[in-house]
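Quick notes on the structure that follows.
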């Protein structure tokens, strides 16, 4: 469960308002898609959710833990995949996974199971002892996603997770999204791929110039528009103002 | 449409313009002037640096004044013998040797490890032009590096010798040409080395070994050059000096003739001798430069392209192997420590500037601390044997502290994480625990320096075991203080947006600030001990008070570091 209450964030001493009075709840078991044009405030929101940025005002609660007041407990139940896979290039894939397993305190048996499973699914098993430096962009993205899955988090937050993935890996990642939320866990991700959001998300939020301009199920969003067009049409219409 | 345009290329003057644009962009991004201006004037973040630097500048003034007095004194001694030009030669030679040593670091990192190369290579530029854009950055770095060494000599000499317009004009030209020959030599060696290394799979190890060999070779040259005057500082040598004008100059310059040409060019001014030597120096510099460009055109990209790519054998682990390699759950501090250790030691630039330095300094001391090799070779063991045991313990403790703590390991510990710092921000490990793990890593490197220096103490200085142990104890406790201070400075303004690992450690302002702070702390400790000795306390009491004082400061600084980590981590933008 994720709760944002009146969250605002500005840059340049208040001159640029990146997120403006955002209130939003993502329920357990829900895949929430976060859409918006470039510079709308998606990444800023995500960075505030995972504690990388501090909101100027408002409150963010993840699984009952206030991100500002109880950061370690919030982090313990959350994992994050950034929009660019900046990982420790000098470690091997397995060393990185071990590091994440250690810092999240993942028990050995679960660690072995999950690492084995996701390395196979993402076809990383043959290269896991090689330095991450030798991986392609897509492979780095996969190792970051594998690391995010390793702790079995209650909440996963992903910024453009499908960028750079091949169609097979993208398909598997989408399957994982569903599997994750079917266990009653929460998933929040940003994307520019309308089809993915339309097919996969239980609810969708559209942010524009820092404000949440629409939020709901696909049916609810369609009801906003008499033409009942596709998500792409709705998105273009809403963000054209 | 010109012929060049038809061919899809850029004409001669266009090429020069293009090259200048690339050089300008490189200088801007490398020296971060736009960023600094923005941070100082717009965001007002780094304003506190202004008084710090003003203070540092004021602190340096007495030293500079001392150096100028020394040069003046040497000039007055040498002038009656007709040997004053040797001063200029020594200055120039020292400057060029410094260019050589720093050049190896600069060249390897700028030519091969700058991330912007990924953007430069696809541009319609020749390999030599890409290399030139990097060369320009290194030249500026070198001018700044040798400034403190060369300018006091040239300026003091000019004032003492009442140099005319010819002196000053030639001095400027010589200063501008100074780094070209050594840097071209280093560039050619490095480019050739990388061409060979890039075909191998073990690139990192070869880069490391190659760099160590080049550094050792350049230091070897330095000591060979510095050896003659040191060995022969006796009556006979002085008699030789008087007997033939310019003999000292020739002897110094024989090791590296361009320093003679530079000396004669500057001292000769607009005379025939001055102009001829200036032409010789500039001509040879140009020839070296041209040779480097020709070689760059042929070899640079072959050593560069694909360097960052590492291939690994594809091999699936068996279930047993995987089971063995998946850790069974270390504590978070151990995990962060392991990460620090691996990344530092597997990144050649970090290893060369951190761990390698703490071993290099004591080893250099061993190599040079022999009579006939350096002045201190003969003097130090005698001084230590003759001195009050208290002084020898303090001197050795200072040496150990310098070996262990005066390097960039602690003061770049946060900066080294660079773009990966987001990981440290999102993992559920308290900042104080992460700082503790980083402290352990930096302190271990400092301890390595202290241990190596202890071995030197035993092998070269033949100290009594008990004295050595007391000195090591003092160095270890002051190591805690200096490590924590270095980390606090880096944590205050970590440099995370680097594109070249060299920037995180070697060109990181935090490393310089931490060294200034360390020198300040050691100076304060020096005056504290001096005051204690004046009170005529017993040696053991002085040492005891010093140890307790340092230990208290060490504990305090460590506590401040942990608290500061808790405060700072959430504030650092990634």
Computed from the beta carbon distance with a Förster radius of 30 Å, FRET efficiency for residue A:168 and residue B:313 to the nearest 0.05 stands at 0.80
Within 10 Å of the Cβ of an average residue in B:316-327, the count of other chain Cβ atoms is 5
Diffusion coefficient, µm² s⁻¹, Stokes-Einstein with Kirkwood Rh over alpha-carbon pairs of segment B:463-541 at 37 °C and 0.692 mPa s: 218 µm²/s
Relative contact order [Cα under 8 Å, 6+ residues apart], segment B:330-571, whole percent: 28 percent
Orientation-averaged projected area, Cα convex hull of segment A:86-152 (nm²): 3.9 nm²
Along principal axes, Cα extents of segment B:330-571, largest first, whole Å: 57, 39, 33
To the nearest 500 deg cm²/dmol, what mean residue ellipticity at 222 nm is calculated for chain A from DSSP H runs of n ≥ 4 alone, each contributing -39,500 (n - 2.57), summed and divided by the residues? -11000 deg cm²/dmol
In whole Å, how far is the Cα centre of segment A:105-145 from that of segment A:33-76? 27 Å
Kindly express, to the nearest 10 degrees and within the range 0 to 90, the angle between helix A:108-121's C-alpha long axis and the longest C-alpha principal axis of chain A. 70 degrees
Each label point is 7 Å from the Cα along the Cα-to-Cβ direction; what then is the distance between the points at residue B:155 and residue B:459, in nm? 4.1 nm
Any chance you could give the angle, 0 to 90 degrees and rounded to 10, that helix A:167-182 forms with the longest Cα principal axis of chain A? 80 degrees
Distance from the Cα centre of segment B:57-121 to that of segment A:185-232, in angstrom? 63 Å
Output the peptides B:121-127, A:230-236 sorted from most to least packed, where packing is the average of other Cβ atoms within 10 Å over each peptide's residues. A:230-236, B:121-127
So for the pair residue B:15, residue B:27, with labels modelled 7 Å out along Cα→Cβ, what separation do we get in nm? 2.2 nm
Using Cα atoms only, what is the angle between the long axis of helix A:93-104 and the major principal axis of chain A, expressed in degrees (0 to 90) to the nearest 10? 70 degrees
For the peptides B:388-398, A:92-102, what is the packing order when you average, over each peptide's residues, the other Cβ atoms within 10 Å and list the highest mean first? A:92-102, B:388-398
Over the whole of A:64-71, what's the average partner chain Cβ count within 10 Å per residue? Rounded to a whole number, please. 1
Run through the DSSP bridge list for chain A and note the antiparallel percent, rounded to the nearest 5. 55 percent
Taking the mean number of other Cβ atoms within 10 Å as a proxy for protection, how do you rank B:352-363, B:438-449 from highest to lowest? B:438-449, B:352-363
Would you mind giving the mean number of other chain beta-carbons within 10 Å of the Cβ of each residue in A:120-130, as a whole number? 4
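Any read-out appearing in this document is the output of simple, stated calculations on the displayed coordinates, not a laboratory observation. Source: prediction; values computed, not measured. Positions of Cβ are backbone-derived with ideal geometry, glycine not excepted, and every protein chain shown enters the neighbour counts.
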